[in-house]
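Read-outs: derived from the displayed coordinates by stated rules, not from any lab. Fair warning: this is a prediction, and the values are worked out from it, not measured in the lab. Counting neighbours? That spans all protein chains shown, and the Cβs are built from the backbone with ideal geometry, glycine included.
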Amino acid sequence: MSRILVAMSGGVDSSVAAALLHEQGNEVIGVWMRLHDVADTYSEFKKSCCSLDAADDARRVAAHLGIPYYVMNLEREFDAGVIQPFLNAYLDGRTPSPCVDCNTYVKFGALLGRARHLYECDAVATGHYARRDVSGDGRARLLRARDADKDQTYFLYGLRQDQLAHARFPLGELTKPEVRAIARSLGLSTADKPESQEICFVPGGDYRDALRERAGWRPEPGPIVDADGERVGEHPGSAGFTVGQRRGIGVAADAPRYVSRIDPHSNTIQLGRREDLETTTVPLSGVTFIDDRPPAVAASIRADVRIRHRATPIPATIRPATPAEPRRGGRWIVETDEPVWAAAPGQACVLYDGDVVLGGGRIEPANAAMAGMPLRATG
């Protein structure tokens, strides 16, 4: 029997994760994480994992299962590891991946550390749809969930071996309908609760509100330019846009236009046709590998890559940017077999070998030299 801390969000997935581990005879401890000031409010439609009603739901499930339940304050860690990088990314013209940071630095970082030292737990479990196993040499592997529609390994690629060794994903072999059926059979109050559909610290759903309230962002109008640099309009603030965005641009054209580049320094956004946002070269920075052992120096590897959570995996060749790059946190180049669309700087690109997650990194601008040059409006 193991002592396992379960991160309980107040949703059906983490509720069933706790229930399954409890049924298996493990000593389960339920913890709801207080991560930010949204924890002082109630979610109108009960779709937040971090509001007071979510904490109440988690407490009710823990009481129903007869397991200990605690609230753990991780606001400082969440602010440093998730909120500040989120705000800085938008202000820098990038698109953040806050769920990746939350898993890497909070759930399987700070929470795992406290679980092992304060509660002497063997592992931390979550309601993620992912699988984990241990290979013949004793190293842990991260695998895609059986339910391809719910697979969440995209957000877990940053885990190290020492983190994955103490991670548990009880839902990895289940589908969402099966999870809800288990919750109903056990009489859990969260069985039919809607899924969380928002960034937890942006309860209104508009990240621009977070930029204003948490980063003091004051939007300033700036030029919108076309692919040739000709001015075609004006925007209310470059941090309010992301690469690939089409709606809300306010520019009339003979064909749909999408944000293709954002320059926060000159407060300029560039538009392009859909085909202009296609590429077969995706540079990555901060690349990490689940195995903690990158391929040999100057080696290239074949893998399927996913440039956003629900994107179709595309076969690709991945190589270090320079012969000295194969290290944790290094720079790699992804060359895809077919074009990918709107590879947004700041987003995660995750590498797969079949069901096995190899690792991943953050997308950099496709042309690094051009990315350092400010956009200039003409005309």
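Given charges of +1 on the Cβ of Lys and Arg and -1 on the Cβ of Asp and Glu, with all other atoms neutral, how large is the dipole of the chain about its Cα centre, in debye to the nearest 20? Let's see the in-between values first.
Values: 46 positive and 50 negative charges, 72 e Å.
Around 340 debye, computed over the chain.
Against the main long axis of the alpha-carbon atoms of the chain, helix 176-185 sits at an angle near 30°.
With the Cα gyration tensor of the range 17-158 in hand, convert its eigenvalues to equivalent ellipsoid semi-axes via √(5λ) and list them largest first in whole Å. Mind showing how you got there, number by number?
Numbers: eigenvalues 119, 99, 48 Å².
Its equivalent ellipsoid spans semi-axes of 24, 22, 15 Å.
When the Debye formula is applied to the Cα atoms of the chain, each taken as the same point scatterer, what base-10 log of I(q)/I(0) results at q = 0.08, 0.15 Å⁻¹? With no solvent term, the Cα-only Debye profile gives -0.44, -1.35. Dimensions of the range 240-317 along the principal axes, based on C-alpha atoms and rounded to the nearest Å, stand at 50, 28, 21, largest first.
Straight-distance candidates among the aspartates and glutamates for linking to residue 107, with alpha-carbon spacing under 15 Å and chain neighbours fewer than 8 residues away dropped: 75, 77, 79, 122, 162. Expressed to the nearest 5 percent, the antiparallel share of DSSP beta bridges inside the range 21-170 is 40 percent. The average projected area of the range 185-320, computed from the convex hull of its Cα atoms over all directions, is 14.1 nm². On a per residue basis, the convex hull of the C-alpha atoms belonging to the range 184-257 measures out at 141 Å³.
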